[in-house]
Amino acid sequence: MDFETTPNVFLNNEIEIILQPRGRKFTTIVSGLPKHLNLSKIMSHLKEKLGCSGNVVKDKNGITFLSLTGDQRMKIKMFLIEEKICEEDEINFKG
């Protein structure tokens, strides 16, 4: 699937996948994705593939990230590697 909006220019990105507790439930945050990617298209695909809800969030500092319900860390990691969005060593887990 093509998620790029401009030609692929691989930069040395550090993608963070963060598990954030919300009471007894969790939210998975994905930040540091390359800016040339169509995040809305990626989010739609992830929601369909993982069967969860989520959205693209832009915070007050202008940083854009993905927010998905539940603990989706390993599934997101596999998706990013399978779709060649990043390499395995570019992914960091937190939380």
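A short reminder: the numbers here are calculations on the coordinates, not readings from a lab. Remember, it's a predicted structure, so these values are computed and weren't measured experimentally. All Cβ positions, even for glycine, are placed from backbone atoms using ideal geometry, and neighbour counts span all protein chains on display.
Test of understanding: in a Gaussian network model of the chain with alpha carbons linked when under 10 Å, which of G32, G23, G54 would top the mean-square fluctuation ranking?
Judging by the Gaussian network model, the answer is G23.
Over the stretch 15-94, what is the mean sequence separation of C-alpha contacts under 8 Å (at least six apart), divided by residue count, expressed as relative contact order in percent?
36 percent
Please build a GNM for the chain, connecting alpha carbons under 10 Å apart, and tell me which residue among I15, I81, I63 fluctuates the most.
I63
State which entries of K41/K77; K25/K84; K60/K84; K41/K94; K47/K94 exceed 19 angstrom in Cα-Cα distance in the structure shown.
Exceeds cut-off: K25/K84; K60/K84; K41/K94; K47/K94.
For the chain, take the alpha-carbon Rg, divide it by the Kirkwood Rh, and send me Rg/Rh.
Rg/Rh for the chain comes to 0.93.
For the chain, find the longest principal axis of its Cα atoms and tell me its angle to the long axis of helix 73-82, 0 to 90°, nearest 10.
The two axes meet at around 10 degrees.
If you fit an axis through the alpha-carbon atoms of helix 39-50 and take the longest principal axis of the Cα set of the chain, what angle between them do you get, 0 to 90°, nearest 10?
The angle comes out at about 50 degrees.
If you split all Cα-Cα distances of the stretch 55-95 into 5 Å bins from zero, what percentages do you get per bin, shortest first?
5, 18, 25, 24, 21, 6, 0
Measure out, as a whole number of angstrom, how far apart the alpha-carbon centroids of the stretch 81-95 and the stretch 37-62 sit.
What the calculation gives is 16 Å, centre to centre.
Along Cα→Cβ, 7 Å out, is where each label goes; now give me the distance between the ones at K49 and N61 in nm to one decimal.
2.8 nm
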